[in-house]
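Here's the structure we're looking at; comments come further down.
Every number in this text was worked out from the coordinates using simple rules, so none of it is lab data. These figures come from a predicted structure and were not determined experimentally. Note: ideal-geometry Cβ built from the backbone for every residue, glycine included; neighbour counts use all protein chains shown.
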Amino acid sequence: MYVVLSRSSRGIVALRLADDASEIAPAETVSEADLPAWVARLERERPRWVWDDTTRWYPQLLAAGVRVERCVDLRLSHALLRGSTLTATSTLALSPVGHWDRATPLADKPETHGALFDLDDDPAETAPTDPLAEFLLQRDATATAAEPGRIGLLLAAESAGALIACEMKSAGLPWHADVHERLLADLLGDRPRGLERPAKLEELLDRMRAILGTHDVNPDSPAELLKALRRTGLQVASTRSWELKEIDHPVIAPLLEYKKLSRLQTANGWNWLDTWIADGRFRPDYVPGGAATGRWGASGGGALQLPKQIRGAVIADPGWKLVVADAAQLEPRILTALSADRAMAEAGRGDLYEGIVASGAVKTRAEAKVAMLGAMYGATAGDGGRLMPALTRAFPRAIAVVEAAARVGERGDIVTTRLGRSSPLPGEAWRELQESASVQGASDALQRAARGQSRGWGRFTRNFIVQGTAAEWALCWMAGLRGRLWDLRGGRFTDRPHLVFFLHDEVIVHTPPELADEVVAQLEAAASDAGRLIFGEMPVRFPITTAVVDNYSQAK
DNA sequence: GGGTCTTGCGCG
DNA sequence: AAAGCGCGCAAGACCC
């Protein structure tokens, strides 16, 4: 059963549909206040809730203690179906851009009344905002796809991700502000009063000034710092840390330390604590599908960039544990499965990089890693580029897949992940440059620029198929895990083991300690499920590493 | 004074 | 090991 929800001036309209989308009963109207109880009652029949945007419905349900098993997020699904090459000839994909094509969550838009059949403010918009009409269009697009199972799985996984994103924000990542403050004090010194620097930074700055023999240099200004370094006779093109590391000069050590600590202070210092931690929880907005490749984005507090330095402040509640799990060498394994490269699958029976060494392609594990990253990112120079021929000889099928994806991008075409997420087309400026460089008599400089731009888009599409399919694996892993965790015991959502963090190929589960071993088993089971769901019976393993810990910094 | 671009760096 | 992919954020630079 499906239940399509929409808001109207009279309240919430709920329409029950059978699995073939035929209407079961006339629409019902429910008040906002009654919605959570009404949803909880109907949830026993395990419907799939159909709504315009999960962020507009689910947070208030969670706040009322109501968790749902599954949904269709029409906005996210629409974006996938609109762009996918698997549904390119569908009515949905051929219809004009409209209400369902906005990139940002619909919640960002002020509430309109009579939303069921309302047209958007933009008079050019003719597509209906009616969720039932949109849902039927989406079903049609899926059913008429060449392989409905692929795109269907992707839509289900994306919608499950939308539920998980809301649940993780609702539960929050357990965060000890006092521990965080102690970490800051150890590294930076006491919290400064006004705008002055913390003691440790001031000390480092004094040392740098003494060495440089100047007082008027602002180390936080790259331009000023660059000038000061050049006055001292250092040949540098920028003030990037990796470039400074190559230089032998007494000012470099304190400067690099200053940069590191200054970064901590500005990105995750006291201001960050004041802004983002409340009630012992960090609650960023997770943005499913935030990156073109299908990876999630996040906003508020830089949730996907938590530096290792402060992960010790992520601490399980008293009487609880954190289970930290990550997929080992996920992207190369995804490439193995995408290409059905048996030699690489063989190398991946254990540690993939050791396996590549054992195959004889490269000499060391470090080389294997650089070579694989180079293959997936499109390295042209350095060790990554240098190792490519050997890697290509050992694993021709795998390398052929990424090379083919690069060629597609270089000519401005679209690539598609395993489940059907398609890459965007390059923009107008890209095409204009390609065209202007292809006319008779175009200058060498213009042709070089066009070639560089073309290769750049090729690197994007090369990586897109791997990163995007890895994101699909991660979504399937998490969606399966979510159901498995729910089944581990009864009670409210946050009384059971539950997800509290997700970072591309890594998750954190907050769990009562007596269930930690069971959580580990479910993490592993969900990982093998994900591989089978996406790739079928293929001899590619997706091992995960797990750690049961009290705080995040104890993992890895 | 405010808005946008650039630089640099954190994460995967 | 090298500077190849995807992001978000803060501060300074730059422009009006």
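Brief remarks on what is shown
- Calculated mean residue ellipticity at 222 nm for chain A: -15500 deg cm²/dmol, from DSSP H runs with n ≥ 4 weighted as -39500 (n - 2.57), summed, divided by the residue count and rounded to 500.
- Per-selection Rg to Rh, chain A - Cα, Kirkwood hydrodynamic radius: 0.99
- Cα extents for the range A:478-517 along the principal axes, largest to smallest and rounded to whole angstrom: 28, 19, 17.
- Distance between the C-alpha centres of the range A:333-355 and the range A:270-306: 33 Å, rounded to the whole angstrom.
- Translational diffusion coefficient (Stokes-Einstein; Kirkwood radius from C-alpha pairs) of the range A:1-42 at 25 °C, 0.890 mPa s, in µm²/s: 232
- Centroid-to-centroid separation of the range A:151-172 and the range A:39-60 [C-alpha atoms, Å]: 12
- Taking the Cα centre of chain A as origin and assigning +1 to Lys and Arg Cβ atoms and -1 to Asp and Glu Cβ atoms, the resulting dipole is close to 1600 debye.
- Selection of trypsin sites (Lys or Arg not before Pro), the range A:459-522, meeting DSSP coil and at most 13 other Cβ within 10 Å: A:Arg492
- Based on alpha-carbon atoms, the Kirkwood radius and the radius of gyration of the range A:1-99 give Rg/Rh equal to 1.01.
- Measure of compaction for the range A:331-469 (Cα Rg per 2.2 N^0.38 Å): 1.16
- Leading residue at positive end of dipole, chain A (Cβ point charges), from A:Val323, A:Trp457, A:Leu136: A:Trp457
- Overall size of the range A:2-172 from C-alpha positions, given as principal axis extents largest first: 41, 37, 36 Å.
- Bridgeable lysines around A:Lys321 (alpha carbons under 27 Å apart, same-chain partners fewer than 8 residues away excluded): A:Lys169, A:Lys308, A:Lys556.
- Within the straight-line cut-off of under 12 Å between alpha carbons, the aspartates and glutamates reachable from A:Lys260 are A:Asp220, sequence neighbours fewer than 8 places apart in one chain being disregarded.
- D by Stokes-Einstein for the range A:177-273, Kirkwood Rh over Cα pairs, 4 °C, 1.567 mPa s: 92 µm²/s.
- As a calculated quantity, the FRET efficiency between A:Ala210 and A:Glu243 at R0 = 22 Å, using C-beta atoms, amounts to about 0.45.
- Additional length obtainable on full extension of the chain from A:Asp487 to A:Arg46, 0.36 nm per residue less Cα span: 157.3 nm
- Equivalent ellipsoid semi-axes, the range A:454-524, via Cα gyration tensor eigenvalues times 5, rooted, Å: 34, 10, 9
- Each 5 Å bin from 0 upward holds the following percent of the Cα-Cα pairs of the range A:137-214: 3, 12, 10, 9, 8, 8, 7, 7, 6, 7, 7, 8, 6, 3, 0.
- Convex hull (Cα only) mean projected area of the range A:193-331, reported in nm² to one decimal: 12.4
- Computed over the Cα atoms of the range A:135-175, the ratio of the radius of gyration to the Kirkwood radius (Rg/Rh) comes to 1.23.
- 15 Å reach of a label modelled at A:Arg397, 7 Å along Cα-to-Cβ, counting backbone N of the range A:342-368: A:342-349
- Under 14 Å, Cβ to Cβ, from A:Gly65 - net charge with Lys/Arg +1 and Asp/Glu -1: +1
- Taking 1.002 mPa s as the viscosity and 20 °C as the temperature, the Stokes-Einstein diffusion coefficient of the range A:403-556 based on its alpha-carbon Kirkwood radius rounds to 115 µm²/s.
- From least to most packed, judged by other beta carbons within 10 angstrom and beginning with the fewest, A:Trp175, A:Trp276 follow the order A:Trp276, A:Trp175.
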